[in-house]
Each structure stands twice: as C-alpha cells, then as structure tokens.
Amino acid sequence: MTAFAESFRTAFDLIVHADPVLLHTVGLSLSVSGTATLCAAGLGLALGAWLAVAHFPGHRALVLMLNTLLALPSVVVGLVVYLLLSRSGPLGDWGILFTPTAMVIAQTILVLPVVAALTRQIVGDSLRDGGDQLRSMGAGPLVCALLMLVHDRWAVLTVLIAAFGRAIAEVGAVMVVGGNIAGVTRVMTTSIALETSKGDLPLAMALGIVLLAVVGVVNVGIGLAQRGHGSALAGVR
C-alpha cells in the first residue's frame, strides 16, 4: 500500500510539474489520434452517407462486412499496415514505418468502420423520418444523405468523439507500426505498457491518469453532443 501511495504521489508530481517526457508523450498521442480521427471522418462520413442511400448487388454484404469490422482487433490492423509498409511490402518505398505517419494510417483504418457504420445508421434513420419531404422537393438520394448529415450534426459529432476515444485508447496497432520508440513514436498507451514492464510505475501511473482524464473528457463530450442532439430534435418538433 505504501508503494502504491508513493507511486501515486510521484505520478501526481510529474503531472503538476509538467514533466517533459510526459508532455511529449501526451502531445504525440493527441496529435496522432486527432489526425487519424479527422482522416477517418473525411472518408467515413462520405462512405456512410453513400451506403445509406445506395442500392446495388452486394450492398447487404458490404454493410455486414462494415458492421463486422467494428470489432476489428487493433493488432490485426497493425499487422496489415506493417506488412504494407515494411521494406518488402508494396509501400515499403515510402519509408514511413516506425513513424507517427504510420501510426496515423493504422488508427485511421481502425476507426474508419466506426465512423462509416454509425453514419450509415444515422442517415438511414433520418431519411426514414424526413426523407420523403426532401425527395418531394426534388433532392436526389446523395443530396438527401448529405443534408441529413448537416441536420443531425450533433449525432455526427457524437460519432466523431467516440471514434477519437477508440483511437487514443488503443495500443496494439500503434505498438506494431510505431515501434514504441522513445521521443518519436511512444504514445500514452504504449508507454504505459513499457514503463509498467520496466517497473517505472510513477510515470506509467501519471500517463494512466492523463489517459483516464482524456477518456473522461471524451465521454463528457459525447454526453453534451447527445444532449445537443436531443435539444435540436425537440426544437424541430
């Protein structure tokens, strides 16, 4: 118990005094996960909106596959990206393995299904409620879907915040493609795993506290976005 209390006290000191290693690790985590979420948003919102209105052979299979990818293990994503970016891989000439760029690619692939699948559900539900009115005004399917994204922006924001939470809390993909290199690719989750194995519990605990705080902020953001979505629906009614 004394060791736990001492580790917690030291961890708190690292946070209060803005330890440089701690700050760099936290900053890199936020940068990588934030960039990956933005990239996934650009692709996932468009893909989800299109799937909500598209009709073609294999549509059901594609939607099923997308929903299956919601449970995609992060280590599998890391393995695939590693094979693509390794020197013997098709993208090996890029030379970005074990860099933050590779980590962004891995996390983008990881959270893309989350954004796309939930966006498809949001747009589909909205079109069932108000799609007929838009179609009667001459709007095409894709235009209707895009308008619904704007109309349900609070729900979309909830999806993006959840995607960011998924990205920043994962460890497998960034460990595989980033290499956990100190000062280069070491993020909060990989650093916690490493420092714990080394026995440096204060730094691991400090990073754990910050990570929990970030996840807490994410959850608060989701709650606020859902409340805003509920208020917007009430205003429409």
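The values are calculated or read from the model by the stated rules, or taken from the named source; none is laboratory data. Because the structure is predicted, anything quoted here is derived from the model rather than measured. Cβ coordinates were reconstructed from backbone atoms using ideal geometry, including for glycine residues, and neighbour counts include every protein chain displayed.
In the stretch 173-205, the residue that is nearest to the chain's Cα centre (by Cα) out of those that are crowded, with 19+ Cβ neighbours inside 10 Å and of a type outside the set (A, V, I, L, M) is Thr189. Against the definition (of a type outside the set (Ser, Thr, Tyr) and surrounded by fewer than 20 Cβ atoms within 10 Å (Cβ to Cβ)), how does Gly208 come out, yes or no? Spelling it out, Gly208 is indeed of a type outside the set (Ser, Thr, Tyr) and surrounded by fewer than 20 Cβ atoms within 10 Å (Cβ to Cβ).
Taking the stated definitions as given, is Leu28 closer than 17 Å to Thr189 by Cα, of a type in the set (A, V, I, L, M) and either modelled with pLDDT under 95 or part of a helix (DSSP H, G or I) (or both)? Criteria met by Leu28. Considering Leu64, Leu70, Leu118, Leu85, the condition of being modelled with pLDDT under 95, over 15 Å from the mean Cα position of the chain (by Cα) and among the hydrophobic types (A, V, I, L, M, F, W, C) is satisfied by Leu64 alone.
Rundown of residues vs (1) within 18 Å of Ala173 (Cβ to Cβ); (2) in contact with a Lys or Arg (Cβ under 7 Å, 6 or more places away or on another chain); (3) of a type in the set (Ser, Thr, Tyr); (4) buried (at least 18 other Cβ atoms within 10 Å of the Cβ), yes/no style:
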| residue | (1), (2), (3), (4) |
| --- | --- |
| Val16 | no, no, no, no |
| Val21 | no, no, no, no |
| Ala40 | yes, no, no, yes |
| Leu43 | yes, no, no, no |
| Leu47 | no, no, no, yes |
| Leu51 | no, yes, no, yes |
| Phe56 | no, no, no, no |
| His59 | no, no, no, no |
| Met65 | no, no, no, no |
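Among all positions in the stretch 4-16, there is no residue which is part of a helix (DSSP H, G or I), over 25 Å from Ile222 (Cα atoms) and at pLDDT 95 or above. Whenever a residue of the stretch 78-107 is over 21 Å from Ala167 (Cβ atoms), it has no partner that is among the charged types (D, E, K, R) and buried (at least 18 other Cβ atoms within 10 Å of the Cβ) lying with C-beta atoms less than 7 angstrom away and at least six residues away or across chains. With respect to the conditions (1) assigned to a helix (DSSP H, G or I); (2) within 20 Å of the chain's Cα centre (by Cα); (3) modelled with pLDDT of 90 or more, Val215 falls short on a single one, namely (3). A count restricted to the stretch 53-75 and to residues that are in a helix (DSSP H, G or I) and in contact (Cβ under 8 Å) with a residue 40 or more places away in the chain stands at 8. So for the stretch 43-52 (the condition being part of a helix (DSSP H, G or I) and either closer than 20 Å to Val217 by Cβ or among the β-branched types (Val, Ile, Thr) (or both)), does at least one residue qualify? No, there is no match, as no residue in the stretch 43-52 is part of a helix (DSSP H, G or I) and either closer than 20 Å to Val217 by Cβ or among the β-branched types (Val, Ile, Thr) (or both). Checking Ser29, Ser74, Ser33 one by one, the residue that is in contact with an Asp or Glu (Cβ under 6 Å, 6 or more places away or on another chain), under 26 Å from Ile209 (Cα atoms), crowded, with 18+ Cβ neighbours inside 10 Å and not basic (Lys, Arg) is Ser74 and no other.
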